[in-house]
Amino acid sequence: MKKFVWLAFAAIAVLLQAPLSHAQSWPQRSVKLVVALGPGSGADLSARLIADRLTRRWGQAVVVENRPGGDGVVAINAVLSARDDHTLLYAPTSTFVGHPYTLEKLPYDPKQLVPVARVTNTVVVVAVPASLPAKSMQELITAVRAQPGKMNWSSAVGMTDIIFAGYFKNSGLDMAQVRYRDTVSAMNDLVEGRIQLYAGAYVIARAHVQAGKVRVLAVTNRSRAPGLPDVPTVAEAGFPDLNFDGLVGAFVARSAGMPDAVRERIAADIKAAVTEPEVSARLAATVQIVNPGSPAEFAAAIDEQAGQLATFAKALGIEAKR
């Protein structure tokens, strides 16, 4: 009987040590970060900085592969079809959280994307042309109410689009939405005053802001951006319903079968990488907020965003696709 009990405890110990052993031995070959955006984007820059540090830490090459297109669907399908625990999606959550509301039919199962690590927050801004007299969010909203139907707005497609459209409808603001196929056209029209508000990643408006042609009224993030210390958050400006972070992080396909211990290790190693002074300084210089998090923390943040998005989608009468 004693021998049986000893064997049982030994078997349990082996089972408990197996995930840890797997985590310590991973990666066994090169790792691929599939970035849902093109070269030069904020996500691309952070992915390359992380890849460099992780290559040194892991002793295996970490390769960045840009797969833009299809509002992130190209990159997502590339990762899901790989079924490989050495192939990770690196993307903003806005790439897929809005898909149930923006795509005619979902070409993948969102439940197959498993959060691995939160990395940074993209800074999302509310921007207006410099020619517009409004110097604050409150002044902008007052101007919109004073000229119903005469002012135009645009935003990044997906999550930002739905949140702002839903907020405007709930608030009874009569402002026409203009959709663009690319952000360059939207920025050009903002500079020229053909649209009066643009909500999207700061990196898109940055050059025009620095040139004095565009004014940033607020950031949607929960905290002020390191590169825009004088710009208030929307909550500070009195509009907390527009408060959301542009989460960026890593995911793996559920079919890859990555153990929880490996995901925890990757998240810890990424946290160590982005909090290195040189890396965090370079990210801050591009107005990205360093915000590393565990798989559980990342999943909770995504769930919160999905709930917020569902509320605004309901206000707009948009049903989620399955």
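The numbers here are math on the coordinates, done by the rules we state, and not lab data. These numbers come from a predicted model, not from an experiment. No Cβ is skipped: glycine too gets one built from the backbone with ideal geometry, and neighbour counts run over all protein chains shown.
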222 nm [θ] for the chain, helices only, -39500 (n - 2.57) per DSSP H run of 4+, per residue, to 500? -14000 deg cm²/dmol
Students often check this: by mean Cβ neighbours within 10 Å, which of 130-138, 233-241 ranks highest, and how do the rest follow? 233-241, 130-138
The helix 183-192 Cα axis meets the longest alpha-carbon principal axis of the chain at an angle in degrees, between 0 and 90 and rounded to 10, of 30 degrees
Cβ crowding within 10 Å averaged over residues, with 246-252, 69-75 ranked highest first: 246-252, 69-75
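Counting Lys and Arg as +1 and Asp and Glu as -1, what is the net charge of the other residues whose Cβ lies under 11 Å from the Cβ of Asn291?
Spelling it out: positives minus negatives among the neighbours equals +1.
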On full extension of the chain, what length is gained from Ala176 through Ser255, given 0.36 nm per residue of separation minus the C-alpha to C-alpha distance? 24.1 nm
Give me the angle, in degrees from 0 to 90, between the Cα long axis of helix 159-170 and the longest principal axis of the Cα atoms of the chain, rounded to the nearest 10. 50 degrees
So if each residue of separation counts as 0.36 nm, and I subtract the Cα-Cα distance between Glu139 and Ala268, what length gain in nm does that give? 42.1 nm
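If you take every residue apart from Ala78 with its C-beta less than 10 Å away from the C-beta of Ala78, what net charge results, scoring Lys and Arg +1 and Asp and Glu -1?
+1
Filter Lys111/Lys321; Lys32/Lys105; Lys169/Lys213 down to the pairs with a C-alpha to C-alpha distance above 21 Å, please.
Table pairs above 21 Å Cα-Cα are Lys32/Lys105; Lys169/Lys213.
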Return the whole-Å distance between the Cα centroid of the range 267-301 and the Cα centroid of the range 97-113. 26 Å
Taking the Cα centre of each part, how many Å lie between the range 68-96 and the range 169-235? 27 Å
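Of all DSSP beta bridges located in the chain, what percent are antiparallel, nearest 5?
In the chain, DSSP labels about 60 percent of beta bridges as antiparallel.
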Assign unit charges at the C-beta atoms only (+1 for Lys and Arg, -1 for Asp and Glu), then state the dipole size of the range 124-242 relative to its Cα centre in Debye, rounded to the nearest 20. 80 debye
Just subtract the alpha-carbon distance of Asp241 and Asp52 from 0.36 nm times their residue separation and send over the number in nm, one decimal. 64.3 nm
Relative contact order %, the chain, counting alpha carbon pairs below 8 Å whose residues are six or more apart: 27 percent
